[in-house]
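As structure tokens, the structure follows; a few thoughts come after it.
The values are calculated or read from the model by the stated rules, or taken from the named source; none is laboratory data. All of these numbers come straight from a predicted model, not from anything done at the bench. All Cβ positions, even for glycine, are placed from backbone atoms using ideal geometry, and neighbour counts span all protein chains on display. Side chains are part of the model used for accessible areas, which takes the heavy atoms of the whole protein and leaves out ligands, DNA and RNA. Shrake-Rupley method; radii C 1.70, N 1.55, O 1.52, S 1.80 Å.
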Amino acid sequence: MTIATWVAERLKEAKDVEDIDVLAGNVIRVSRLKYPPFLAGIVSAPRVERETIQSLVEGKHEIEIIANIPKDSFLTGNALNLARGHEIAAGGFGDLLRVLTRPDVRSFVPAETAFIERGLGQHRRVARFRQLHDRLYQIYLRNDDQSDVVAVMLNEYELTAEHIRAARDRYGPFAIVVKTNPNGHPTKAAFEVAGQLSADVLTWGEFLSHLNSL
Amino acid sequence: MRSLPRDAFTAPVLDVIAAARVNMPSLRWFLFGSILTSRRPVGDVDLLVIYASDGEPLQVRHHLSAVTTEIPLHVIFMTADEEIETQFIETTGALELP
């Protein structure tokens, strides 16, 4: 069974779905009860690079969203930029479920991303920011030095030591770990590992305050 | 005692976990989240693994890689101390796999 077929079988269980057709190896057409059908590109990679999705983005099918199935995976900045440049949404299987009830699939942005970028965009000390990868941001500050800080945004309920280590393996160095999930807490071990990596662990509110001090 | 029904969604996950556990018998494995309900489809399969040494999460990821490209498996790793600190099992109603 291909990954697209597996996704199609799972989506057929959703109440908003009328039918799913697998058009090609990794393209499905989702016919919905309430809104027009849309095409989705399905990929399955631990690290989604530009090259991973290029054939989908630039192919003959008018893809409106690309979904990467592995949960423990990430989308690189290059992949996100390519999708964005073609007005194609990008996310995971959960996001594919979310767009079932949206009239406009292409404009979908994961809620957490929208929240983060709105917050950064409204912060008086932030001159601009760049999404390096899906959860890694480089934030340029309004100060005399025009300095910047790199922060990883983790949405875990309970932020553990292994979350920090895995983020470091995946994204490289960062100065701040921002726990965007307001529920739960970082564990003591998470703080210890972050300290070993010379990174601070902050809640979203603490992070916004911290930017004021930089 | 609760048990997880085997269906098209849970079966491959349970099979891979069973195979991984043969190689790492000291770990504790739990399922939690919407997979434990009858609601379908689920966005992902939530798995808690309690480990003892720092290298074990990478080994687990390697063993689970056979299904993670096919099933949206969300694995959270905790030490026993972290689980005690967070009371995660009780809070989430996680089901330990026998």
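Quick notes on this structure:
- Buried on assembly, the range B:78-93 (at least 40 Å² less accessible surface than by itself, 1.4 Å probe): B:E82, B:E85, B:T86
- Each Cα pair under 8 Å and six or more residues apart adds its separation to the average, and for the range A:38-154 the resulting relative contact order is 20 percent.
- Taking the accessible area of the range A:72-145, probe 1.4 Å, and keeping the other protein chains in place, the carbon and sulfur fraction comes to 45%.
- Among A:R124, A:R106, A:R47, the largest mean-square fluctuation in a Gaussian network model of chain A, built with springs joining Cα atoms closer than 10 Å, belongs to A:R124.
- Per the accessible-area calculation with a 1.4 Å probe, the total area buried between chain A and chain B rounds to 2200 Å².
- Of all beta bridges that DSSP places with both ends in chain A, some 50 percent have antiparallel geometry.
- Three-way shape label, the range A:158-214, alpha-carbon gyration tensor, a/c 1.5: oblate
- Here the simple spin-label model places points 7 Å from the Cα toward Cβ, and for A:K188 and B:A52 these points are separated by 2.1 nm.
- Prolate/oblate/rounded label for the range A:14-123 (Cα gyration tensor, a/c 1.5): oblate
- Relative contact order of chain A, pairs being alpha-carbon contacts under 8 Å that are 6 or more residues apart, as %: 11 percent
- Rolling a 1.4 Å probe over the heavy atoms of the protein chains gives the protein assembly as shown an accessible area of 47 Å² per residue.
- When a 1.4 Å probe is rolled over the protein heavy atoms, the share of accessible surface on the range A:1-40 that falls to carbon and sulfur comes to 50 percent.
- For the protein assembly as shown, the spread of Cα positions along each principal axis, largest first, Å: 56, 48, 31
- Antiparallel bridges, percent of DSSP beta bridges restricted to the range A:120-214 (to nearest 5): 55 percent
- CD proxy at 222 nm, helix term only [per DSSP H run n ≥ 4: -39500 (n - 2.57); per residue of chain A; nearest 500]: -10000 deg cm²/dmol
- Once the partner protein chains are put back, the range A:126-169 shows a loss of at least 40 square angstrom of accessible area, versus the chain by itself, at A:E158, A:T160, A:E162, A:R165 (probe 1.4 Å, ligands and nucleic acids excluded).
- Applying the criteria of a DSSP loop state and at most 16 other Cβ atoms within 10 Å to the GluC sites (Glu not before Pro) of the range A:1-107 yields A:E13, A:E49, A:E58, A:E62, A:E87.
- Heavy-atom accessible area, 1.4 Å probe, ligands and nucleic acids excluded: residues of the range A:61-99 down by at least 40 Å² from chain alone: A:K71, A:D72, A:F93
- Summary value for the range A:45-90: 52 percent relative contact order, contacts being C-alpha pairs under 8 angstrom separated by 6+ residues.
- Length added when fully stretched, A:H86-A:R47, from 0.36 nm per residue minus Cα-Cα: 12.0 nm
- Three-way shape label, the range A:86-214, alpha-carbon gyration tensor, a/c 1.5: oblate
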